[in-house]
2 protein chains.
Amino acid sequence: MSGKQQLRLGAFMRPVSIHTAWWRYPGAWPDANFNFRHIARLAQTLERGKFDAFFMADHLAVLNMPMNALKRSATTTSFDPLTLLPALAVVTERLGLIATASTTFDEPYHVARRFASLDHISNGRAGWNLVTTSNPDAARNFGLEEHVEHAARYAKAREFYDVVTGLWDSWADDAFIRDVENGVYFDPERMHVLNHKGPHFSVRGPLNVARPVQGWPVIVQAGASEAGRQIAAETAEMVFAAGGPIAEARRFYADVKGRAAALGRNPDHLKILPGALVVVAGTVAEARRKRDLLDSLVHPDSGIASLSIALGCDASAFDLDGPLPDIPETNQSKSGRQRVIDRARRENLTVRQLAQIAGGYGGLSFTGTPQTIADEMEEWLLTGACDGFNVMFPYVPGGLDDFVDMVVPELQRRGLFRTEYEGRTLRENLGLPRPANRFFPDR
Amino acid sequence: MSGKQQLRLGAFMRPVSIHTAWWRYPGAWPDANFNFRHIARLAQTLERGKFDAFFMADHLAVLNMPMNALKRSATTTSFDPLTLLPALAVVTERLGLIATASTTFDEPYHVARRFASLDHISNGRAGWNLVTTSNPDAARNFGLEEHVEHAARYAKAREFYDVVTGLWDSWADDAFIRDVENGVYFDPERMHVLNHKGPHFSVRGPLNVARPVQGWPVIVQAGASEAGRQIAAETAEMVFAAGGPIAEARRFYADVKGRAAALGRNPDHLKILPGALVVVAGTVAEARRKRDLLDSLVHPDSGIASLSIALGCDASAFDLDGPLPDIPETNQSKSGRQRVIDRARRENLTVRQLAQIAGGYGGLSFTGTPQTIADEMEEWLLTGACDGFNVMFPYVPGGLDDFVDMVVPELQRRGLFRTEYEGRTLRENLGLPRPANRFFPDR
């Protein structure tokens, strides 16, 4: 292995493509977002490409967008992440498996138990994407009329994390001795009762699952607001970052790593992976034609709806050919909205242009040949903008196959990406340490 | 296939054996309750034996029993059922997969979504064992100091069921048209927004998963109290019944089927399967020796603890050689306690004897040759005591292998049990109809 800095590659797989028109692309599997055989085949291809992880975002609702846009969405039916990933664990051997779970609409005992179970079933490949769930439609599926306020969600999330990691430490690694002769299954000295009592949660413990193979599944986060950055610096081991201009990415990278260092953490133990839509072809012109074809398949109704979601307010009443009006503060995810507003002002875009971008994915995108894409990725990696990428594919299976067959070999040729997995667990492959057990520091 | 009445066979697999000493039996895999490769091999053997389903009971806690007993328990570490079963779906093709989920400590949107996902991933083999969770230790892992009262749990469970089945009906079977040319993914006329508002739950919907392959996963229940029988008659398609004397089982069978008929249901669409521990050998004497050896491996500390759990009160203070004292009413599962009390009175047993029975499994058990066991099962089936059994194995893998290799062929020879699966889904194999969609009765 080269001594060069190494790229980490996650694959953004729920939905199987971020681009709203992916399912209409020639050769796409239109049902791939909800077909287990297809998804299993995609996961196996990612493993052939030595990807670090399969990453599942999540929504706890059918998004409440206007029907003229909703009916065009390929994500209205999707698997529950923690039900899909155990099945994918059986058809893969090294690929990391990162599922999203909400600290606002689930219980820490359930979350600790399910991720610990997945980590054991996958032999140490689980990751938890900790989200506070900013979508107000989810609240209405869980008995709340009003969504939980931003700061309150983050305070609850922090305590949720403490409880979950505390439950994962319920047992020393050597607790289960299974002494058949004397009939002693575990050593009572190696079990810890958490007895957590905090402002949001009261959880006795211990967890009824042995300590995860990885100690803890890898902690992943995606928040980019002030509160999101701080909880990431305190707790995350991987951050799924927004793309955006490289200068902005470098500021984000320096900020979050700096916060982690200030807290006494090793910044290398927090990997920052922006999402990036990658469209590859043999020539730059051909890659641009592919991207243009994909964008042309976005229906205008979908564009306005995507823009409304990004802004957290209804954009259908805006003047299509005017500039973006002032957008009121809402209780939604703050970082996504601000990116759209900043770009609109910076590039002087009309609402119509913004809608087209939002419907077709307006975030970071690399479109070109394996060489130009590797050049860009290398620049990002070597200039302090990221530790790798959460790759988004333009469609499946073709867009994913192309990445694995064209871009991965070029990255490997440059010594920027592994040719074999370094280890068996997600932590080993990401170069993350196994957390010590706070209650049994000797093990 | 013979026209004879057919036995249904479930396999009780969490824990992998009900007998507390199973893991100490010669040849047992002591870690089988928490080893995915072992459990996968057991599931595949059950499928070779044409079992209807793999059944996972559950506890949402490490049971709060005295440490001298707890440390001997092989169930302190167990997989979350809904994390294990998707993985088992990949290594089997026809075996039904029944997971327990609690209506007291989970959310209907999560439960609907996870079981719907499992049903799609397994191509129609999911079942939901709906429990109200009587164990007070679970409450303390979910923020409650006091356990929820019995009647309140059942009222909430009934509404929970209505919400979950309503969410499963969110989409007509033909909703997802995926019209690539026109960019229409689903037909808006074929989506229903539930908008449920009841005393316990407020859930908007629709579910973000297509209607399950089976319409609804099979509904399973295990309650035997008055409230438990009534909700089973109203909603269950399989009842995991207590064993006990055959006369009592016949009364239970007639009662629950009668309640279902009185509600206008076809009683054949509610299958009653008592749990039965089956120990088989070439001779009756050898089978009895196996059972005696197994019982001899129960540590006395485990026996008293098991008795305490069954009674819902601490039995360690009772006079070991005296009769069972009067037991106060508690908030626990009523039916289990009453069975112990009835048996103590009927057979004039001391506390010591009851402890030995409780620790070694005091419920229905068949011990003998394939012929004597088939005789007993046939009598139960043909005299209105059951529709089949949830088979409990004395240990694994040997006790399970023996059942599949010795008892199943004898049942098949008599025409009482299938030699091939009748269908692809759990419903088809159990002879249960696919529920109509309440919102789209045409499909």
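The values are calculated or read from the model by the stated rules, or taken from the named source; none is laboratory data. If you're wondering where the values come from, they're calculated on a predicted model, not measured in any experiment. Virtual Cβ from ideal backbone geometry, glycine too; neighbours counted across all protein chains shown.
Brief remarks follow.
- Tally of residues being within 7 Å of chain B (Cβ to nearest Cβ), over 18 Å from the mean Cα position of the chain (by Cα) and farther than 23 Å from B:E181 by Cβ across segment A:54-86: 1
- Which numbered condition B:F36 fails, given (1) over 19 Å from the mean Cα position of the chain (by Cα); (2) at the interface with chain A (Cβ under 10 Å from one of its Cβ atoms); (3) under 30 Å from A:S202 (Cβ atoms): (3)
- In segment A:311-327, the residues that are in contact (Cβ under 8 Å) with a residue 24 or more places away in the chain, of a type outside the set (S, T, N, Q) and either within 14 Å of chain B (Cβ to nearest Cβ) or surrounded by fewer than 20 Cβ atoms within 10 Å (Cβ to Cβ) (or both): A:D319, A:L320, A:D321, A:G322, A:P323
- Residue among A:G399, A:G368 that alone is surrounded by 17 or more Cβ atoms within 10 Å (Cβ to Cβ) and either closer than 22 Å to A:M13 by Cβ or hydroxyl-bearing (S, T, Y) (or both): A:G399
- Complete set of residues in segment B:176-203 that are under 31 Å from the mean Cα position of the chain (by Cα), in a strand (DSSP E or B) and more than 8 Å from chain A (Cβ to nearest Cβ): B:H196, B:K197
- Any hit, segment B:222-238, residues being basic (K, R), within 14 Å of another protein chain (Cβ to nearest Cβ) and surrounded by fewer than 23 Cβ atoms within 10 Å (Cβ to Cβ): no
- Meets criteria (surrounded by 23 or more Cβ atoms within 10 Å (Cβ to Cβ), more than 12 Å from chain A (Cβ to nearest Cβ) and within 17 Å of the chain's Cα centre (by Cα)) for B:L130: yes
- Of the residues making up segment A:141-168, those that are more than 14 Å from every other protein chain (Cβ to nearest Cβ) and not aromatic (F, W, Y) are A:V148, A:E149, A:H150, A:A151, A:A152, A:R153, A:A155, A:A157, A:R158, A:D162, A:T165.
- B:E378 vs. criteria at pLDDT 95 or above and surrounded by fewer than 18 Cβ atoms within 10 Å (Cβ to Cβ): yes
- If the condition is being small (G, A, S) and surrounded by 24 or more Cβ atoms within 10 Å (Cβ to Cβ), then segment B:1-27 contributes B:G10, B:A11, B:S17, B:A21.
- Evaluating B:L7 against the criteria (1) touching a Cys at 6+ places or on another chain (Cβ under 9 Å); (2) over 28 Å from B:I219 (Cβ atoms) leaves one unmet condition, (2).
- Being outside any loop (DSSP other than H, G, I, E, B), in contact with a Leu (Cβ under 6 Å, 6 or more places away or on another chain) and within 20 Å of A:Q44 (Cα to Cα) is a property that A:N390 has.
- Pairs linking a residue in segment B:254-283 that is closer than 29 Å to B:G368 by Cβ to a residue that is in a loop (DSSP other than H, G, I, E, B) and among the acidic types (D, E), with Cβ atoms under 6 Å and 6 or more positions apart or on different chains, are B:K271/B:D387; B:I272/B:D387.
- Unmet criterion (only one of (1) more than 8 Å from chain B (Cβ to nearest Cβ); (2) surrounded by fewer than 21 Cβ atoms within 10 Å (Cβ to Cβ)) for A:A138: (2)
One line per residue, one yes/no per condition, for (1) in a loop (DSSP other than H, G, I, E, B); (2) farther than 24 Å from B:W23 by Cβ; (3) at pLDDT below 90:
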{"position": "B:R291", "(1), (2), (3)": "no, no, no"}
{"position": "B:S308", "(1), (2), (3)": "no, no, yes"}
{"position": "B:D314", "(1), (2), (3)": "yes, yes, yes"}
{"position": "B:F318", "(1), (2), (3)": "yes, yes, no"}
{"position": "B:T330", "(1), (2), (3)": "yes, yes, yes"}
{"position": "B:I373", "(1), (2), (3)": "no, no, no"}
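- With a requirement of 3 or more residues that are over 19 Å from A:L97 (Cα atoms), the strands (runs of 3 or more DSSP E) lying completely within segment A:204-284 that satisfy it span A:271-280.
- Positions within segment A:87-127 being among the β-branched types (V, I, T) and at the interface with chain B (Cβ under 9 Å from one of its Cβ atoms), in sequence order: A:V90, A:V91, A:I121
- Some residue of segment A:214-221 being within 14 Å of chain B (Cβ to nearest Cβ) and either modelled with pLDDT of 95 or more or under 27 Å from the mean Cα position of the chain (by Cα) (or both): yes
- In segment A:232-245, of all residues being among the hydrophobic types (A, V, I, L, M, F, W, C) and closer than 12 Å to A:A276 by Cα, the one that is farthest from the chain's Cα centre (by Cα) corresponds to A:A242.
- So B:I304, is it in contact with a helix residue (DSSP H, G or I) (Cβ under 6 Å, 6 or more places away or on another chain) and in contact (Cβ under 8 Å) with a residue 40 or more places away in the chain: yes
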